[in-house]
1. In terms of the ratio Rg/(2.2 N^0.38 Å) built on C-alpha atoms, what value belongs to the stretch 23-84?
2. Out of Ser70, Ser33, Ser60, any idea which swings most in a Gaussian network model of the chain, alpha carbons joined below 10 Å?
3. Give me the angle, in degrees from 0 to 90, between the Cα long axis of helix 59-85 and the longest principal axis of the Cα atoms of the chain, rounded to the nearest 10.
Amino acid sequence: MTKGHKDQSFFGTTTVGEKGQVVIPAEAREAMSVEKGEKLLVFGKGLGKECDMLVFTKLSNVERFATHLSRRLDAIRDILDRTKRQ
């Protein structure tokens, strides 16, 4: 693994197989604690059909973030409700 910026790493290369499958390098799987069968979300960066970057994240990370966001929004709504009543 090669370190990039303090929060980025380069884990190597991979090849797209005949069926479009990609093998994630072992070091990357270990760094993310990705288990066999785990769901990953794939995001693309770029405009329209000109996607020039793919980003993978674990579905469980997005679910955890969504739960956190929902709680924060509930707290904000409570504050707004109390402010309106004053």
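What follows draws every value from the coordinates through simple rules; no lab data is involved. For clarity, every value in this text was computed on a predicted model and none was experimentally measured.
1. Cα-based Rg divided by the globular estimate yields 1.66.
2. Largest GNM mean-square fluctuation: Ser70.
3. 20 degrees
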